[in-house]
Every structure is written in structure tokens, then in C-alpha cells.
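Since the structure comes first, as C-alpha cells, the remarks are kept for the end.
The values are calculated or read from the model by the stated rules, or taken from the named source; none is laboratory data. All values derive from a computational prediction rather than experimental measurement. Reconstructed Cβ throughout: ideal geometry from the backbone, glycine too, with neighbour counts over all protein chains shown.
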Amino acid sequence: MKTILVVTDQPFWRRQNGAQQRTWSLLQSLRKNGFQLSIFYLVERTDLDLTLGHEAGLSFVDFSPCGTRLRDRMASIVSKRLGRNQNTDFKENDQVDSPLRTPVTLETYRWPHAPLQFKSLIKSLRPDFVLSVYVVWANLLDAFPIEKRGFRAIVDTHDLLHVRQQQFSDYEESHWIEISKEEEATALQRFDLILATQQDEAKTLRSMAPKSKVIVVGHQPELRVEQPGFVSGKDSNSETIRLGFIGSNNAANVDGLRWFLQHCWSRIHQMTGAELIVAGQVAQGLCQKTTWNVPRVQFLGQVPQIDDFYTKIDIAINPVRFGSGLKIKSIESMCFGKPLVAHPHNTRGLPAATVESMFVADQPDRFSDACIRLIRDGDLRRETALRVLQICENELSGDRVYAGFLEWLSKCESLGPPSLEA
């Protein structure tokens with residue numbers, strides 16, 4: 001009883017953003033614990049996806065709509081609604097929040113023939129568990145009445161979508177999906193187990209789906225360091241300290257970087273001569289409406305591996321001011337031994353000891369002051385780096401992050417498959 005069918009339209013093997021990184025780490029943990037995974041992927045894979053999937057040893061079952069005309073029509077729907085470009089090998093395939101894209105709804109994910117293929121897969125693969133990445137694929141479970149499933153259904157929420165939508169609305173930003181609390185609750189109630197990313201969201205999820213089990217599963221970065229590495233200052237050949245921010249092209253990341261550049265960076269640079277390194281697709285969103293002419297800012301674009309970014313910086317910043325889910329950028333930066341200056345929003349759901357090791361500020365002057373202090377004090381940078389690495393070891397190890405989930409899976413294994421009613 002060790003088989004899991006993963007249902008997703010997210011190319012998590014690319015590991016280009018926080019959600020993909022988190023899914024990748026979670027599934028790697030399951031594989032290490034003896035689970036056999038099959039990926040029911042509902043978007044056409046690019047040549048690069050085929051290569052990366054093969055290198056990762058992933059087993060795929062691709063969605064195959066019946067008939068070329070239907071396939072072309074569905075590809076067009078996906079491209080228009082989700083902003084995806086199937087002809088670009090490394091385009092970010094994310095639920096991107098952008099005013100240029102039409103928000104989707106749960107009904108958008110009711111694709112013709114998908115439930116039929118899902119039902120056929122269940123009958124042929126006979127998985128013990130089905131894991132849906134995001135709640136949007138809950139409709140596939142309608143192919144099986146709950147008393148006749150023969151498998152246990154799990155959803156990894158990543159976000160409370162209706163809460164995230166409201167937060168984006170409060171900042172007058174477009175959210176990738178329009179969804180009410182009632183709609184999300186109805187979808188969640190189809191699952192036996194709901195994975196929350198933090199305790200606060202778990203409490204809300206339990207109220208929304210009282211008959212489902214809810215477990216908190218955070219994030220353990222696959223890559224981490226044992227000793228801090230410094231790019232600049234007395235521990236290197238460079239005297240210029242480098243701050244860094246990495247993010248995908250969604251509205252929360254763009255807003256946070258814009259806020260930092262408008263209200264903090266000029267003072268920081270003038271007082272310290274520091275440089276800012278920006279990685280990921282966030283720069284693309286930043287420059288959609290405004291041409292930026294800021295001193296000593298280097299835009300790297302998409303980096304092949306996450307460590308290609310962290311090895312270039314001394315201090316990480318996370319100025320994102322809204323959004324739900326786990327603050328993966330905060331966790332990643334600390335596991336790479338980088339002192340972190342963050343907006344209070346990015347402390348939500350993190351252990352108290354982790355938050356205490358961060359420099360937290362919500363006002364431009366205080367945010368700037370924290371950055372300037374770290375830039376000028378090499379001993380403080382090293383002391384903080386050593387402390388955050390120790391916290392990552394104690395608080396964010398795989399044993400702690402995935403323990404509850406693995407325990408639930410083990411318990412299900414001992415109980416055997418769900419009994420089927422006649």
C-alpha cells in the first residue's frame with residue numbers, strides 16, 4: 001500500500017517558484033519513504049519538461065483528450081486563461097496573478113474527458129492515495145462516489161484561495177482565480193485529508209471541512225548549506241555587500257519589490273554603496289507598466305537553480321506585503337544561511353524561533369535601517385547566519401516538517417484500503 005497518483009497542472013520538477021519547490025520537496029520525501037508516484041499531468045509537456053521529468057525519474061500519465069480538434073481547443077483555453085505558452089521551454093507555468101490575465105474559476109477546471117481518463121487511471125493503476133496539487137481538481141473525484149472510491153483523496157492546498165483573493169483585492173491587484181469561501185469549502189469537503197501550510201490556515205480549513213482530517217505540512221528546502229558563505233565584506237575579495245530578492249511574476253512579489261525600490265533602496269544605496277540582485281520573473285512584472293532606472297540593481301531573470309541566486313548575495317530581503325500560504329522565500333533564504341530582512345507578513349506560520357532570528361519591519365525607514373545595519377556590521381551578519389542555520393536544522397528538518405503526514409499515511413497503510421459499500 002505505497003502508491004500515490006498525483007494530479008496536477010503544475011510543472012513542479014522545474015522548481016521555478018515557491019509552490020513548485022514545495023511540491024518537489026514533498027514528493028521527494030514521499031519517494032524516499034518508499035512511495036511509488038505516478039503523475040497525472042493535465043497540461044501538455046514541453047520538450048524540456050520531458051527531459052527534466054526523465055532526469056528526475058518521474059512516471060507520467062499525460063492527459064489525452066479525445067480527438068485533435070478537442071485537444072487544440074483545450075490548449076487554446078489553457079493558453080488564454082492561464083497565460084501559458086506551450087512553445088516556450090522555460091516559461092513560468094504558474095498560477096500567475098496579473099491584470100493582463102482573465103481570472104479563472106473552479107468551473108474552468110471541469111475539462112471534457114478529464115474525469116473519464118481519471119476514472120480509467122484509477123481502475124488501471126489502483127492507487128492507494130490520490131494527491132491533488134491545489135483544490136482546483138476536486139471535480140475529478142466526482143467520477144467516484146465517496147463510498148466507492150477504493151482510495152483516499154488528499155489535497156495539498158498551498159493557499160487559502162478565497163483569503164488570498166481578498167488580500168489581492170485589498171491591494172487592488174488581480175488574483176488568478178475567483179473563488180468564494182463557500183465554493184472552496186465545497187471542493188475541500190471532497191477530500192479525506194487536507195494539507196495546510198501553517199497552523200492559522202489549518203484552523204480555518206478545519207471549520208470549512210469539519211469531516212476531513214487536516215494536517216500542517218510546511219516546507220523543507222531540498223538544498224541548504226551547513227556553513228554560511230559570504231559574497232562580500234571581510235570574508236571575501238569584494239567590498240560591496242549584495243542584497244537579494246527572488247520571486248515569480250505574481251502581483252504580490254511585484255508589489256513588494258516596487259515598494260522596496262520606491263521607498264527603501266535609494267537611502268540604502270546612498271548610505272552604504274550596496275548592490276541589489278533580483279532574480280526570477282518578478283522583474284518582468286515590475287517593468288510592464290514602468291521603466292525603472294535605479295542604481296546598482298542587477299536583474300538576473302530566471303536562474304537555473306535556486307542556489308545560483310543565493311551564492312551571489314549576502315543578505316536576503318522579503319518585502320512582500322500580502323498573499324496567503326507558507327512564506328517559502330523566508331524559509332529558503334535562512335536555509336542558505338542568509339540574514340533576512342522581511343515585512344511582518346512574511347513571518348506568518350513560521351516557528352517563533354525562526355521569526356526571532358529575522359529582522360522584521362513594516363515601515364520603509366525601519367526596513368531600510370535593518371538593511372543598513374546588516375550591511376555595515378559584518379559580525380552581525382555572520383552571527384545571524386550561524387543562528388538561522390541552526391534554527392533550520394532544529395525547526396525545519398524533514399523529520400519535523402513531514403512527520404504528521406507520514407504518520408497519517410502509515411496509519412492508513414495499517415488499516416488497509418477503504419471498505420467499499422455495495
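Here are the numbers:
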quantity	calculated
Some residue of the stretch 168-182 being farther than 25 Å from GLU413 by Cβ, touching a His at 6+ places or on another chain (Cβ under 6 Å), buried (at least 18 other Cβ atoms within 10 Å of the Cβ) and of a type in the set (Val, Ile, Thr)	yes
Residue count for the stretch 380-406, restricted to those that are hydrophobic (A, V, I, L, M, F, W, C), out of contact with any helix residue (DSSP H, G or I) (no Cβ under 9 Å at 6 or more places or on another chain) and not assigned by TED's automatic domain parsing to the domain that holds LEU350	1
Any hit, the stretch 222-231, residues being assigned to a helix (DSSP H, G or I) and either modelled with pLDDT of 90 or more or not aromatic (Phe, Trp, Tyr) (or both)	no
Condition met for VAL303 (over 21 Å from ARG14 (Cβ atoms), under 25 Å from the mean Cα position of the chain (by Cα) and not assigned by TED's automatic domain parsing to the domain that holds ASP159)	no
Filtered residues of the stretch 97-110 (kept if at pLDDT 90 or above and either in a helix (DSSP H, G or I) or not polar (S, T, N, Q) (or both))	VAL104, LEU106, GLU107, THR108, TYR109, ARG110
Among (1) in a helix (DSSP H, G or I); (2) more than 22 Å from ASP307 (Cα to Cα); (3) of a type in the set (Gly, Ala, Ser) - the single one SER333 does not satisfy	(2)
Residues located in the stretch 168-196, provided they are part of a loop (DSSP other than H, G, I, E, B) and in contact (Cβ under 8 Å) with a residue 12 or more places away in the chain	TYR171, GLU173, SER174, HIS175, TRP176, GLU178, ILE179, SER180, GLN189, ARG190, PHE191, ASP192
Checking PRO319 against (1) under 30 Å from ILE122 (Cβ atoms); (2) within 18 Å of the chain's Cα centre (by Cα), the condition it does not meet	(1)
Selection from the stretch 341-356 of residues that are within 16 Å of ARG387 (Cα to Cα) and buried (at least 22 other Cβ atoms within 10 Å of the Cβ)	VAL341, LEU350
Residues of the stretch 111-147 classified as among the small types (Gly, Ala, Ser), assigned to a helix (DSSP H, G or I) and surrounded by 15 or more Cβ atoms within 10 Å (Cβ to Cβ), total	3
Qualifying position, being surrounded by 22 or more Cβ atoms within 10 Å (Cβ to Cβ) and either in the same structural domain as ARG267 (by TED's automatic domain parsing) or of a type in the set (Asp, Glu) (or both), among PHE336, PHE322	PHE336
Residue ID - nearest to the chain's Cα centre (by Cα), chosen from residues in the stretch 1-56 that are buried (at least 18 other Cβ atoms within 10 Å of the Cβ), of a type in the set (Lys, Arg) and part of a helix (DSSP H, G or I)	ARG22
Test: residue in the stretch 365-388 that is aromatic (Phe, Trp, Tyr) and assigned to a helix (DSSP H, G or I)	yes
Test for GLU201: is it of a type in the set (Asp, Glu), buried (at least 21 other Cβ atoms within 10 Å of the Cβ) and either in a helix (DSSP H, G or I) or modelled with pLDDT of 95 or more (or both)	yes
Single match in ARG149, ARG190 (criterion: within 30 Å of SER414 (Cα to Cα), modelled with pLDDT under 95, of a type outside the set (Val, Ile, Thr) and touching a strand residue (DSSP E or B) at 6+ places or on another chain (Cβ under 9 Å))	ARG149
From the options ARG149, ARG126, ARG164, residue that is among the charged types (D, E, K, R) and either within 21 Å of ASP62 (Cβ to Cβ) or in the same structural domain as ASP255 (by TED's automatic domain parsing) (or both)	ARG126
